[in-house]
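I have placed the structure first, in the form of structure tokens, so that the comments after it can refer back to it.
The values are calculated or read from the model by the stated rules, or taken from the named source; none is laboratory data. Remember, predicted model here, so these are calculated numbers, not experimental data. Glycine also receives a Cβ, built like all others from the backbone with ideal geometry; neighbour counts cover every protein chain displayed. Heavy atoms of the whole protein, side chains included, go into the accessibility calculation; ligands, DNA and RNA do not. Shrake-Rupley method; radii C 1.70, N 1.55, O 1.52, S 1.80 Å.
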Amino acid sequence: MTRKRFENFYARLGKYLHTINPWGKDPQLHQLCNDLPAAIDAVYELLDVHLAVLHIEEPSATQVWVVDAKRDGTVAMVIAMADGPCVIQPA
């Protein structure tokens, strides 16, 4: 899922989450419901394995969290820590 695709879907979903009557006669709602399963699959695929880099100012440190989150709810996580700043280079 690209950032643009996520932003578009989020905007479409928000239209119905933040409305007075989400069950009105809007034909776009039915299309949104039809698109929802594929969007959920794309988000799971996007977040299946991801990482976060945390730069901590005091005391100076860097942490890299690699998260493997599965659809069944199991999560495996590895945390790498460095005293001070570090550079992450692709292999």
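Pairs meeting the criteria (first residue in the range 23-51 and over 13 Å from N8 (Cβ atoms), second residue surrounded by 11 or more Cβ atoms within 10 Å (Cβ to Cβ) and of a type in the set (D, E), beta carbons under 8 Å, at least 6 apart or on different chains) are D48/D68; V49/D68.
Looking at the range 33-52, which of the residues that are under 18 Å from T2 (Cβ atoms), among the aliphatic types (A, V, I, L, M) and open to solvent by 60 Å² or more (accessible area, probe 1.4 Å) is farthest from the chain's Cα centre (by Cα)? Checked the range 33-52; the qualifying residue farthest from the chain's Cα centre (by Cα) is L36.
A search for C-beta distances below 8 Å between a residue of the range 56-76 that is more than 22 Å from A42 (Cβ to Cβ) and any residue that is assigned to a strand (DSSP E or B) and among the polar types (S, T, N, Q), counting only pairs 6+ apart in sequence or on different chains, returns I56/T62; I56/Q63.
Against the definition (over 27 Å from P90 (Cα atoms) and part of a loop (DSSP other than H, G, I, E, B)), how does D35 come out, yes or no? No; evaluated as a whole, the condition is false for this residue.
Test R12 against the criterion of being among the basic types (K, R), open to solvent by 60 Å² or more (accessible area, probe 1.4 Å), touching a helix residue (DSSP H, G or I) at 6+ places or on another chain (Cβ under 7 Å) and in contact (Cβ under 8 Å) with a residue 24 or more places away in the chain, and give yes or no. Answer is no for this residue.
Looking at V78, V64, V87, can you tell me which residue is surrounded by 11 or more Cβ atoms within 10 Å (Cβ to Cβ), among the β-branched types (V, I, T) and over 30 Å from R12 (Cβ atoms)?
Sole residue among the options that is surrounded by 11 or more Cβ atoms within 10 Å (Cβ to Cβ), among the β-branched types (V, I, T) and over 30 Å from R12 (Cβ atoms): V64.
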